[in-house]
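One structure below.
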Amino acid sequence: MLDPPPFLTYSPTMSFVVEFDSLPVGLLLNRSRTAGVAAVRECLGKARIGLSDFAVLISPAAREVLEPICRRSQALTQQRFGKVMRLFAPLYLSNECVNNCRYCGFSRDNAILRVTLSVEEVLAEARALLAQGFRSILLVAGEHPKFVSHAYVVECVRRLHEEVPSISLEIGPLGTDAYRPIVLAGADGLVVYQETYDREVYAAMHNSGPKRDFLWRLETPERAYAAGFRRIGIAPLYGLADWRRDAICAAAHAACLLRTCWKAQLTISLPRLRPCAGEFQPRVQMSDRDLVQLVCAFRLMFPDVGLVLSTRESPRLRDGLIPLGITLMSAGSHTEPGGYTGAGREKLHRTERGRIVELAPGTSEWAPGNPRGATATGQFAIADERPAQEVADLIRRLGYEPVWKDWDTALSA
Ligand code: SF4
C-alpha cells in the first residue's frame, strides 16, 4: 500500500478546536469503508500507527483479521502496562440537570426522581466505596448551577480529598479559572465526553441548555489541563452517530491532546448507549465485535494511553476485554446519587419539564414507614452488576493484578 496522501497525514500543532474543522473526516471515513484486508495487514506490520492507519484498523475489512489485531493489542498492552487493571468507581453527587440531552436519563424534561447529596452524604458514599477497597473515585453530576454550584463541587472535593487519594470529576464544563480551585482542593482528573463529534447530530441531541455549545465542550480538556488537571479523559458516546466517524475524531482529538497537554495522563473511554429514562433508542448500532476491534485499534495507535471500560458492558464482554487492551475499569457501580448507602432518599423529589412536583402518598414512590422508599433515578442501566470484589477476584483469576491505587502524591519542600 502506498503512503497516504499528505492531506491524510494529520499533524496537530494547536488547539483541537482550531484543528477540528480541517480534519479530513470524510476522506478518513471513506478510507475506512473501502480498505481491504491487504491494507489492514500492512498496517499491522507498521511500527507506528497514524490516523489513516487507525481508520483502516476499524474498517469492515479488519473484522476478517481481528485475531492478529487482538494479539498485537494484547502484547502491546502487557509491554506498556504489565498485567494490571486499575479499578475506580463513579460517585453521583446529583441527578439534577438543566440540559436536555435526548439520550440521558437525567435530561431536564424527564419526569424522574432527583436529589443532590449534601457534602456529608457524599462523604458517606465515598466511605462505603473506600470500605470496598476503592481509592480512585470519579465524581459525577448533572449540570445545574443552582444545585451543583461551583462552591459545592469545591467543598465536595476538599472534604473527600482528606480520605480519598485520587479524585476525578465528570461535571458540566467550566472555564480554566473555575477549574483551578477544584484542582487546588485536590482533584487530579477530569473526564468529558464529547458525546459525538458529528456537529449535526450533536445539535439534534442537545436542543436546549448550555450543552448546546459544541466548541466550548470540545475545548474543555485543554482548559482543564491549563488549570492543572493531570488526568484527562475523553470519549464519544457510541450509538449517537456513525461510530467509525466518532472513533476517528476521538483518535484525532487524543493525538492532539498528547501533543498539546503532554504532561497529563490521557485516557479514552469506550461507552456505548444503555437503556435509560426517556427510552431513547441508539441511532446507530455498534456490535460487541466492533467494540473489541475499536479497543485494539486505539491500543495500536496509542500504546501508552489508558483505555477505560465501564459497567455499561456485560460481564462476559468485560472479562474478554481485560487482556486485550483495557487498563481501567469501573466496578460495582451505581449511577444514581445515594446508590451505595441510600443517602439522600428523604430528600427525593420528582421533576417534570424542570419543575418540581411533590411526591404524593399513595403513589408507587411512597412507601409506609419510609415515605421516600424509592431511590433516585439512575443515569442509565448498568449491565455488569457484580460487586467490586467479585470483579477483582475475576481479574486475579485471569492472571492480572487489580490495582485500587496506583500513585502517591510526592512530598515537596
Ligand atoms: S448527559 Fe449530562 S448534561 Fe446531558 S442531561 Fe445527562 S447529566 Fe445532563
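Odds and ends about this structure:
- Remark: the chain carries a charge dipole of roughly 540 debye about the Cα centre, counting +1 on each Lys and Arg Cβ and -1 on each Asp and Glu Cβ.
- Shape of segment 42-149, Cα gyration tensor, a/c cut at 1.5: oblate
- The long axis of helix 150-161 is offset from the longest Cα principal axis of the chain by roughly 80 degrees.
- Signed unit charges on C-beta, dipole axis of the chain, positive-most listed residue Gly133, Leu324, His150: Leu324
- With Cα atoms, 0 to 90° folded angle of helix 25-34 axis to the chain main axis: 60 degrees
- Cβ-based exposure ranking for Asp53, Asp288, Asp319, Asp21, in which fewest neighbours within 10 Å come first: Asp21, Asp288, Asp319, Asp53
- Converting the Cα gyration tensor eigenvalues of the chain into ellipsoid dimensions via √(5λ) gives semi-axes, longest first, of 35, 23, 22 Å.
- Of Lys83/Lys263; Lys211/Lys263; Lys146/Lys211, pairs whose Cα-Cα distance is over 20 Å: Lys83/Lys263; Lys211/Lys263
- Average projected area [Cα convex hull, segment 133-273], square nanometres: 8.6 nm²
- Full-stretch length increase - Ser15, Lys347 - with 0.36 nm per residue and alpha-carbon distance subtracted: 115.2 nm
- Going by neighbour counts of Cβ atoms within 10 Å, the residues Thr341, Thr220 line up, fewest first, as Thr341, Thr220.
- Under the Debye formula (equal points on every Cα, no solvent term), log10 I(q)/I(0) of segment 259-299 at q = 0.34 Å⁻¹: -1.20
- Between 0 and 90 degrees, the angle of helix 388-397 with respect to the longest Cα principal axis of the chain falls at about 30 degrees.
- The label-point distance for Ala203 and His161, in a model that sets each label 7 Å from Cα toward Cβ, rounds to 4.0 nm.
- Backbone amide hydrogens, once placed in the peptide plane, bring His349 within less than 5 Å of Arg114, excluding anything fewer than 5 places away on its chain.
- Residue order, fewest to most surrounding Cβ atoms within 10 angstrom, among Leu324, Leu129, Leu273: Leu324, Leu273, Leu129
- For the chain, adding -39500 (n - 2.57) for each run of n ≥ 4 DSSP H residues and dividing by the number of residues yields -11000 deg cm²/dmol at 222 nm.
Every number here is computed from the coordinates shown, using simple stated rules; none is lab data. Model, not experiment: these values are computed from the prediction. Counting neighbours? That spans all protein chains shown, and the Cβs are built from the backbone with ideal geometry, glycine included.
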